1. Under 1.5 on a/c is rounded, so check that first for region 6-136, then, if it is not, pick prolate when a/b is larger than b/c and oblate when it is not; a ≥ b ≥ c are the square roots of the alpha carbon gyration tensor eigenvalues.
2. Need one number: % antiparallel among DSSP beta bridges in the chain, to the nearest 5.
3. Rounded to the nearest 10 degrees, what's the angle between the helix 118-128 long axis and the longest principal axis of the chain, both from Cα atoms, 0 to 90?
4. Along its principal axes, what span do the Cα atoms of region 138-239 show, with the longest given first and each in whole Å?
5. Tell me the label-point distance for the pair residue 178, residue 192, using the 7 Å Cα-to-Cβ offset, in nm and rounded to one decimal.
6. Pulled fully out, how much extra length does the chain show between residue 208 and residue 90, if you take 0.36 nm times their separation in residues and subtract their Cα-Cα distance?
7. Could you check the simple spin-label distance between residue 157 and residue 120, using points 7 Å along Cα→Cβ, in nm with one decimal?
8. Rounded to the nearest 500, what is the 222 nm mean residue ellipticity of the chain from helices alone, with -39500 (n - 2.57) per DSSP H run of 4+ residues and division by all residues?
Amino acid sequence: MTYSPMTATSGQATQGTVAASARNLTKTYGQGDAEVHALRGTDLDLPRGRFIAIMGPSGSGKSTLMHCLAGLDQPSGGTVTVAGTDLGSLDDDALTVFRREHIGFVFQSFNLLPMLTAGENVMLPLELGGRRVDDAARERADMLADILGVAGRLGHRPAELSGGQQQRVAIARALITQPDLLFADEPTGNLDSTTSAEVLDHLRRSARELGQTVVMVTHERDAAAYADYVVTMQDGRIV
Ligand SMILES: Nc1ncnc2c1ncn2[C@@H]1O[C@H](COP(=O)(O)OP(=O)(O)OP(=O)(O)O)[C@@H](O)[C@H]1O
Ligand SMILES: [Mg+2]
């Protein structure tokens with residue numbers, strides 16, 4: 001169950017088996033006395049089509065690592081490669097397009113747009129990406145809403161939803177485009193145990209049946225048990 005991040009892809013492994021990787025990643029926030037080293041030389045390979053859990057104490061750098069891997073935040077040093085592309089080589093516009101095409105993200109704080117209904121939030125990534133919102137897309141949205149138990153809430157704005165419901169809408173929004181690479185930062189943190197099990201089962205199936213690479217931060221051992229591998233962070237490093 002414990003995953004050695006540098007051995008899973010050593011030896012005969014080829015580029016094709018790695019969905020994303022980080023090399024000597026550093027991230028420093030602030031300056032002088034306020035300096036915080038959130039990442040201190042993180043190396044990680046994410047094997048394609050697998051479900052990977054990241055655990056570790058609060059403040060160990062889990063969210064920072066996910067944001068850097070997803071191209072949402074710029075590392076201070078080191079490289080991130082996704083689907084063979086060095087994210088550092090892309091300008092802002094190219095990075096935005098790349099993210100839309102390859103990456104889904106469920107934020108620890110949901111980040112739903114408050115003026116849009118839950119249903120509009122779910123469809124947003126398709127519209128931003130200029131993809132047709134056709135019957136297949138609507139069916140997929142309905143299927144996700146059913147699995148996640150928010151079908152009856154799609155006409156409501158985020159402020160009218162509970163924390164757990166907002167989280168489930170955020171998960172549906174991240175899955176609507178079927179991204180190659182899905183990051184979920186504590187996706188079950190606000191869910192009851194039944195919904196939590198359904199979400200985790202869906203994430204595991206996304207990896208097994210659809211070949212998506214799923215990376216999830218969690219504090220819960222029960223949740224991590226759904227993953228193929230568990231990576232542990234401490235003090236800005238993988239241990
Ligand atoms: N924008 C920021 N400015 C300054 N420091 C930050 C910022 N974001 C994160 N940090 C610091 O970087 C370190 C790592 O934070 P990060 O959010 O990655 O931790 P985490 O492992 O996700 O914690 P948690 O389990 O509480 O979510 C912490 O010390 C945090 O205070
Ligand atoms: Mg975090």
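1. oblate
2. Antiparallel bridges: around 50 percent, rounded to the nearest 5.
3. Approximately 60 degrees, to the nearest ten.
4. Principal-axis extents of the Cα atoms in region 138-239, largest first: 44, 28, 23 Å.
5. Placing both labels 7 Å along Cα→Cβ, they lie 3.2 nm apart.
6. Fully extending the segment from residue 208 to residue 90 adds 39.5 nm.
7. Output for this residue pair reads 0.9 nm.
8. Helix-only estimate at 222 nm: -10000 deg cm²/dmol.
Taken together, the values in this text are just the output of simple stated rules run on the coordinates, not laboratory data. Remember, it's a predicted structure, so these values are computed and weren't measured experimentally. All Cβ positions, glycine included, derive from the backbone under ideal geometry; neighbour counts span all protein chains shown.
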